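Step one of this worksheet: look at the structure below.
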Amino acid sequence: MARHLLMRGAMRVLVLFVCVAACSDSGGSVSGQPPGGTFDVADMISATVTTSDSAGDSSSSARILLGSTPNLCDDAAASPAVDRKGAHLISIDLREVAGATRTAPTAAGTFTIYPDTGTEPAKAASLSIDMLDAACQTIDADSASAQSGSVTLTTVAAGVYTGSFDVTLNTGGHLSGTFAPTTCPQLATANASTAPHACS
């Protein structure tokens, strides 16, 4: 009996250790082999973003941003938008594809990573991970993009997209995690702006 209780206590310590290493108060987590080392999620935001091509056609997608620095929405709302020195960022885009039309998801579903080759799936996703240096420039050696895998969207409501991802990166590393962001319409505004970002 004493040994059984000791084992249960040891298991609680192990679970606590795993959560300290991989869980986040932000409501999201990242595990696997991210370039640039351990990714600690400090904040998450999401929005429906619209982009236009050179022909004047527009498309929309769900954009989810996970960051190792807090106050992501405040940074997106600043004029100009602010990048943070040493920030670790994961950007996820989800879109429904019908011919040449791409629209932001309106319902839950599984979205397949599209690595920009071959036929784009009807539910397409892209994921990139970047680390910024002391001048807020992307460190190429610590950046990557998903080449396969999927993103599972569990809820959609007024620009808030929650779910999980399980992908293989172009570095060969495996990355998985969860996201439960807060809505940030300013993310769409910052995405549409061509002004250079400030570095802080």
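Since every read-out is calculated from the coordinates, none of them should be taken as a lab result. Note that the coordinates shown come from a computational prediction; the quantities given were computed from them, not determined experimentally. Cβ atoms come from the backbone with ideal geometry, glycine included; neighbour counts cover every protein chain shown.
Just to check your reading of the model, which residue among Ser128, Ser150 is under 16 Å from Gly67 (Cβ atoms), touching a Ser or Thr at 6+ places or on another chain (Cβ under 8 Å) and in contact (Cβ under 8 Å) with a residue 24 or more places away in the chain?
Checking each option against the conditions leaves just Ser128.
Considering only the stretch 155-170, state which residues are buried (at least 20 other Cβ atoms within 10 Å of the Cβ) and in a strand (DSSP E or B).
Those that are buried (at least 20 other Cβ atoms within 10 Å of the Cβ) and in a strand (DSSP E or B): Val156, Tyr161, Thr162, Gly163, Phe165, Val167, Leu169.
Of all residues in the stretch 171-189, how many are surrounded by 23 or more Cβ atoms within 10 Å (Cβ to Cβ) and over 17 Å from Leu127 (Cα atoms)?
The number of residues fulfilling the criteria is 1.
Identify all residues within the stretch 97-149 that are assigned to a strand (DSSP E or B), of a type in the set (Ser, Thr, Tyr) and either surrounded by fewer than 17 Cβ atoms within 10 Å (Cβ to Cβ) or out of contact with any Pro (no Cβ under 9 Å at 6 or more places or on another chain) (or both); write none if there are none.
Residues satisfying the conditions are Thr101, Thr103, Thr110, Thr112, Ser128, Thr138, Ser148.
Mind checking which residues of the stretch 153-193 are more than 16 Å from Ala104 (Cβ to Cβ), in contact with a strand residue (DSSP E or B) (Cβ under 7 Å, 6 or more places away or on another chain) and of a type in the set (Ser, Thr, Tyr)?
The answer is Ser164, Thr168, Thr171, Ser176, Thr178, Thr182.
Please go through the stretch 59-99 and pick out each residue that is of a type in the set (Lys, Arg) and either more than 16 Å from the chain's Cα centre (by Cα) or farther than 22 Å from Thr168 by Cα (or both).
Of everything in the stretch 59-99, those that are of a type in the set (Lys, Arg) and either more than 16 Å from the chain's Cα centre (by Cα) or farther than 22 Å from Thr168 by Cα (or both) turn out to be Arg84, Lys85.
Could you run through the stretch 26-76 and say how many residues are surrounded by fewer than 20 Cβ atoms within 10 Å (Cβ to Cβ) and in a strand (DSSP E or B)?
8
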